[in-house]
Structures are given as C-alpha cells and as structure tokens.
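Structure, as structure tokens:
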Amino acid sequence: MQAKTMWQAAFVAVLLSPAALAGTFSGTASGLPVPPATLIDFENVAPPGPLPEFPYVDNFYAASGVSFSGFVAERGILGLPYGQAAMTQFVGGLLGVSGGRPVEPVEIRFASPVSAASFWTAGDLLGVGLGSAEAFSGNTLVASLTLAPGYNGFDNLSFDRIRFESGGPLIDNLAFQPAAPVPEPASALLMLSGLGVVGWWRRRQR
C-alpha cells in the first residue's frame, strides 16, 4: 500500500510540474519573482531612430539577452510616461519618416529560452485596442493571450519569442526569467528507477 502511495505521489508531482502549470496572466499583477532575473524599463534608449523622440529599440538591450522588432522608444510626446516602448505602427507617419524602413514583425526576441515574461501595457491609444500576444518556441506557438491594461505575460513555459498583433499596445517594464534546463531522459529514468527500488525495499520491510 505504501509503494502505491509513493507512485501516486510521483504521478501528482509530474502533474504539478512547471510544464503542467503553464499559463498566462492578463491585466493582473506580474506574477514573476521580485526582483525578476532581468528587468528592462526602456528609460535609456538613445537614437538613432526616425526622430530623436522615437529611437529604435532594436538591439539596444542585446547585452541583457533580448532584442526587439517593430518597436521604438516613446519619449512622452503622446502623453505617456517617459521611457515606454511603443510599436512603430502606433505612431502616425513614423514609417515614412524612417526613410522607407520595411514594416517588421512586432516582436520581443530572447537570445535563449525563457520560462516566464511579463510586461506592463497601457490602455487603448488613438482608439486602437490592445490586441493579443503569442509566445513561440522556434516556430511553434506555445501560448497566446488577449491583452488587458496592466501586467500581461506568460509563465511556466519555455519560449524564445513574443509576437504582438499589429497595432498592439505600448509596453513598459519588461521582466523575464531564464528557462530551467530540461532534464535529460537518462536522468528521468534514473529517478523513476530509484522510486521503484524504494518501493520494492519498503515492501520487503513489511
């Protein structure tokens, strides 16, 4: 009976593993540890960009393990706090001013997989809704969410890219956690074998 209980406990542990608890959050508290592994507030982005007030974010934070596509830093001209990151599609005329820079996917790209990421989003801007965000691992979609004002994000996943619906939100305070290494199959088998041996030993003791 005790061996059966141990196997049941092991099964429950698998069900409660991070992969099983994968989820999203929208319009709520961040949900990430405080402080997070990496926090970017976008308050020091510098030109070049289409205008001094709207420098491209691009690879400005590459040393922190993240790059951006389709974002510029917003300097408060649109009535928002200094230092928020804004999508180029939101700012009228920016693509024309930028000298014909092609329209890019609006994405956050992590240099290595992360297990969680959160970002604060502003409310509607210029009458456009917040839209949605999708988390990808390579080219595989792993989760999606409808954005709401406040903190939005993904947790207990493994992903390396977040794509936003064109015309999505202004964001600030991007935080993310590195993904834990995936256990090798041999390690998992060793753990299960160990549980089996313990169960056999406990039966022998009875």
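Each value in this text was obtained by applying a stated rule to the coordinates, not by laboratory testing. The structure presented is a predicted model; accordingly, all values stated were derived computationally and were not measured.
For residue 151, list long-range residues whose amide hydrogen, built 1.01 Å from N in the peptide plane, is under 5 Å from its own amide hydrogen.
27, 28, 121
For residue 38, which sequence-distant residues (separation of 5 or more, or a different chain) have an amide H within less than 5 Å of its own amide H, given hydrogens modelled in the peptide plane?
Under 5 Å from the amide H of residue 38: 176.
Relative to the present Cα-Cα distance, how much length would full extension add between residue 101 and residue 63 at 0.36 nm per residue of separation?
So the extension gain works out to 11.3 nm.
Could you give me the ³J(HN,Hα) list for segment 148-165, computed from phi with Karplus coefficients 6.51, -1.76, 1.60 and θ = phi - 60°, whole Hz, x at Gly and Pro?
Calculated HN-Hα couplings, in order: 9, x, x, 7, 10, x, 10, 9, 6, 10, 10, 8, 10, 7, 10, 10, 9, 4 Hz.
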